[in-house]
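The values are calculated or read from the model by the stated rules, or taken from the named source; none is laboratory data. Just so it is clear, the model here is predicted, and its values are computed rather than measured. Using ideal geometry, Cβ is built from the backbone for each residue, glycine included, and neighbour counts are taken over all protein chains shown. Side chains included, ligands, DNA and RNA excluded: accessible areas come from the protein's heavy atoms. Shrake-Rupley method; radii C 1.70, N 1.55, O 1.52, S 1.80 Å.
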Protein chains: 2
Amino acid sequence: MALAKRLDDLGTETAFAVSQAAAEWGAKGNRIFPFHLGDINLATPANIVDAMNAAIADGKTGYCPAAGIAPLREALAADIGAGRGMDLTAENIVVQSGGKPVITKFIQTVMDPGDGVLYPNPGYPIYESQIEYFGGRPLAYRYHETESGFAIDLDQLRELAASGATAIVYNNLQNPLGCESSLDEMQAIADIAIENDLWVLSDEAYFEMRYSGTSTSIASLPGMAERTVILYTFSKKFAMTGWRLGCAVAPVAVAQQIAKLNTNDESCTTHFVQAAGVEALARPEGAAPMLAELQRRRDAAVAGLEAVDGVSVATPEATFYLFPNVTAAMARMGFTDVGDFATAALHDTGVSFCTRRHFGRPQPGEEQQYIRLAYSGISVDDITEGLGLFADWAHG
Amino acid sequence: MALAKRLDDLGTETAFAVSQAAAEWGAKGNRIFPFHLGDINLATPANIVDAMNAAIADGKTGYCPAAGIAPLREALAADIGAGRGMDLTAENIVVQSGGKPVITKFIQTVMDPGDGVLYPNPGYPIYESQIEYFGGRPLAYRYHETESGFAIDLDQLRELAASGATAIVYNNLQNPLGCESSLDEMQAIADIAIENDLWVLSDEAYFEMRYSGTSTSIASLPGMAERTVILYTFSKKFAMTGWRLGCAVAPVAVAQQIAKLNTNDESCTTHFVQAAGVEALARPEGAAPMLAELQRRRDAAVAGLEAVDGVSVATPEATFYLFPNVTAAMARMGFTDVGDFATAALHDTGVSFCTRRHFGRPQPGEEQQYIRLAYSGISVDDITEGLGLFADWAHG
């Protein structure tokens, strides 16, 4: 009786260890400034909760179709299509218990063992985990720091794609970098996908989490809809992370396979939560104050970090993440290990954050040091106070 | 750009086609008597809904731990342990979005490609689907009809186990058969598991859905806890099928791997639904009237079927399924195909049900014909009226 060998290739989110370290330090009576959480400490709009209860009163407590209830699939097709300039129907939509299930279901649907899959590094660690778990060949592509944020190393990406790849995971409005492709960069990625006949997972979890401008989906570029699966989630926009509601947007043949995986894996997504999703899309006004609050937090966090000697940071127009370069601060303070730097910051100031290492193995030649701060789970006042302590500490 | 080859080995629940055929026939203005649904048309007790709303008001709308919230894991350990005479702790419990996810996660955790896995046929079709999907060798074991129901063919099971197997799926209080092991049969299965050093999935979805007597878990027999994963679900007992809440009960090393799969697959189960589960376990009184109603339905359905010429049926003390033998009725009416029989019954009487074929490929030598009726989604009056029409039809 042994455990299955495939489990050796299963990764995880090591960022949970940061939450645990912060919780343990807090339990000893220390004040914590939680910048490690990619969660939102704001209430879900009340109209969404009310719609859920109306659905329960209406008996929506039994099973529903594996691909989701028709009203939600239709509303998602209309809303996602309108926001991206795409023609979508309910047949393209497969409801999921959050955005994350789309990652494993995309990999299972398009990748055979041995196939190469391109994915961002630094990036959300579940991409790599699922590629390796299902026997694929992980092909990590990198970013380089620019004056205004980060850009994909397109030369490396082209080289990796030409080495033989089946699919690419693309996460514009990126976690952890907070960065966004220029339209040129996005078109270059689309060109690479088409030239190499790749499937594309477009992780659009933060598509609507932006403070200026508008988002573009790579799926809306010519030749892309038929090869792209969009990861969509209610988690961020509507402060519904714990509700577990999202969907895959996919070409019909792929959508049908993903629905079959739903039937095997979980039967369906919570029935009345889907009814709540219909309401969220119909009356999204309740989510607007949330974005305004997040923008205030971003401004406070950027200001706080800019005041730290030896720290440089861009001001992203999207997501709720910052990825400051702390190389100079670490060098001045005598740190060579970014994990040690984070632990010391926690113990000396209560400021808790993730580091570059929680988002994939460092690539060859990486010399700069980065940390990742999320400002979705901490108030403006606490941001300012915490980063003030952090600045004092870094200044020695 | 092709779809992954592994999808060729992914099965499904063909019973959904029966739902669809019934819905289509109903949409043409025909009255339907729905015996095909393994769902419950009764309301979830109000205290459970209230607890969920209290949790939302308390801010439980964000992410929670992948293995589930501590209060629910503790409550499940206490409740499941007490009901089975087992010593369980929260470490043994991994919360899931329903009972079904335990099937795929058990298979992924204990089975390598090429490993043999024993599973019941007739049985819940997802067992076979997941064994084949993850590259295992499906070893179907059969039942034979007895005077009071069905019993496992232990000789065949011993032979299959000795042919090389890694695990066995055991579903006492069985879907679709409605049958239950004698204590002797259960002990024989435990002996086979121990002698062949098998992992065991004990699907206990219907453990508390019984009208007399008490259930025994195979995990509580000597030498079994360390090799057994229990599938537990809130779906049936609390009329919460659409809520999607259940758990795996597993040895700690297995539980940790299943939690890691949770992190990869869906992050966590809906946060506030877990709080509702704590309330359900604390005050289960609300579920009692449901069981009384199901017993009235069982009695009506058995009486209705016993009145049909050429149909014989046992009276199960558990589950909400009946698996009548319709061989004589089909022969008299000139049917050789049980699917044709079901379609004719739907069109001539509106009575909709599944057949043996929705629960696995017929095994060599099978000559008797069976259908499966669920009485969880239809009232006593409709049961009596529908089966009266069915009897008239069968009598010609």
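Of note:
- Ligands, DNA and RNA left out, the 1.4 Å accessible surface of the stretch A:62-284 is 50% carbon and sulfur atoms.
- Global form of the stretch B:123-174, assessed from the alpha-carbon gyration tensor, a/c cut-off 1.5: oblate
- When all alpha carbon pairs of the stretch B:281-396 are counted in 5 Å bins from zero, the resulting P(r) reads 2, 11, 21, 24, 17, 11, 6, 4, 2, 1, 0 %.
- Residues of type lysines that B:Lys60 reaches as a straight line, Cα spacing below 19 Å, ignoring anything fewer than 8 places off in the same chain: A:Lys236, A:Lys237
- The same position B:Thr315 in the other copies lies at 7.9 nm from this copy, comparing label points 7 Å beyond Cα toward the beta-carbon, shortest first.
- Inter-chain neighbour count for A:239-248: the average number of beta-carbon atoms from partner chains within 10 Å of each residue's beta-carbon is 5.
- Report summary: the helix-based calculation at 222 nm, which adds -39500 (n - 2.57) for every DSSP H run with n ≥ 4 and divides by the residues of chain B, gives -12500 deg cm²/dmol.
- Sites B:Ala54 and B:Glu367 - FRET efficiency at Förster radius 41 Å, r taken between beta-carbons, to 0.05: 0.15
- Of all DSSP bridge pairs formed entirely within the protein assembly as shown, close to 50 percent run antiparallel.
- Rounded tilt (10° steps) of B:46-57 against the dominant C-alpha axis of chain B: 40 degrees
- For the stretch A:375-392, 3J(HN,Hα) per residue [Karplus equation, 6.51 cos²θ - 1.76 cosθ + 1.60, θ = phi - 60°, Hz, x = Gly/Pro]: 10, 7, x, 8, 6, 4, 4, 5, 4, 5, 5, x, 6, x, 4, 4, 5, 4
- Degrees between helix A:101-110 axis and first principal axis of chain A (Cα, 0 to 90, nearest 10): 60 degrees
- Over all other residues within a Cβ to Cβ distance under 14 Å of A:Asp58, the charged ones net out to -1, with Lys and Arg as +1 and Asp and Glu as -1.
- The protein assembly as shown - charge dipole about Cα centre, Lys and Arg +1 at Cβ, Asp and Glu -1, debye rounded to 20: 540 debye
- Sorted from closest to farthest, the other copies place their B:Pro222 label points 7.7 nm away, with each point set 7 Å from Cα along Cα→Cβ.
- For the stretch A:62-284, share of DSSP beta bridges that run antiparallel, in % to the nearest 5: 40 percent
- When you restrict to C-alpha pairs under 8 Å that are six or more residues apart and normalise by the size of the stretch A:1-141, the relative contact order lands at 26 percent.
- Under 5 Å between amide hydrogens, built in the peptide plane, is the criterion, and for A:Gln369 it picks out A:Val326, A:Thr327 among residues at least 5 positions away or on other chains.
- Cα centroids of the stretch A:358-396 and the stretch A:30-107: 30 Å apart.
- Cα centroid of the stretch A:170-212 to Cα centroid of the stretch A:268-303, whole Å: 22 Å
- Cleavage-rule hits, trypsin sites (Lys or Arg not before Pro), the stretch A:1-43, DSSP coil, Cβ neighbours within 10 Å at most 12: A:Lys28
- Computed from the C-alpha gyration tensor, the three semi-axes of the ellipsoid equivalent to chain B are 33, 26, 20 Å, from longest to shortest.
- Pairs of Cα atoms nearer than 8 Å and 6+ residues apart set the relative contact order; for the stretch B:62-284 it is 28 percent.
- Note on A:Asp299 and A:Ala78: the extension gain reaches 76.2 nm, defined as 0.36 nm multiplied by sequence separation minus the Cα-Cα distance.
- Proximal charge balance of B:Val351 [Cβ under 15 Å; K/R count +1, D/E count -1]: -3
- Ignoring lysines fewer than eight residues from B:Lys105 along the same chain, the ones with Cα atoms less than 18 angstrom from its Cα are A:Lys5, A:Lys100, A:Lys105, A:Lys260, B:Lys260.
- Total formal charge among the other residues, if their Cβ is under 13 angstrom from that of B:Leu10, Lys/Arg +1 and Asp/Glu -1: -2
- 5 angstrom amide H check on B:Phe35, placed H, neighbours 5+ away: B:Ser352
- Each copy carries a label point for B:Ala2 at 7 Å from Cα along the beta-carbon vector; from one copy to the others these points are 3.1 nm apart, nearest first.
- Across the stretch A:303-318, rounded Karplus estimates of 3J(HN,Hα) from the backbone phi angles (6.51 cos²θ - 1.76 cosθ + 1.60, θ = phi - 60°) give 4, x, 6, 5, 7, 8, 5, x, 10, 10, 8, 7, 10, x, 8, 8 Hz, Gly and Pro being marked x.
- Relative to one another, the C-alpha centroids of the stretch A:109-127 and the stretch A:335-349 are positioned 31 Å apart.
- Relative to the dominant Cα principal axis of chain A, helix A:15-27 is inclined by about 50°.
- When accessible surface is computed with a 1.4 Å probe, chains A and B are found to bury approximately 5300 Å² between them, both chains counted.
- Evaluating 6.51 cos²θ - 1.76 cosθ + 1.60 at θ = phi - 60° for every residue in the stretch B:181-197, the Karplus couplings come out as 6, 5, 4, 5, 5, 4, 5, 5, 5, 4, 4, 4, 5, 6, 4, 9, 6 Hz, glycine and proline recorded as x.
- Where the Cα pairs of the stretch A:62-284 fall when distances are cut into 5 Å bins, in %: 1, 7, 16, 20, 21, 17, 11, 6, 2, 0, 0
- The stretch A:104-234: C-alpha gyration tensor shape, a/c 1.5 cut-off, then a/b vs b/c: rounded
- Cβ-Cβ distance of A:Ala188 and A:Glu145, R₀ of 30 Å, FRET efficiency by 1/(1 + (r/R0)^6): the value works out to about 0.95.
- Whole-number percent relative contact order across the stretch B:232-331, with pairs defined as alpha carbons under 8 Å at least 6 apart: 17 percent
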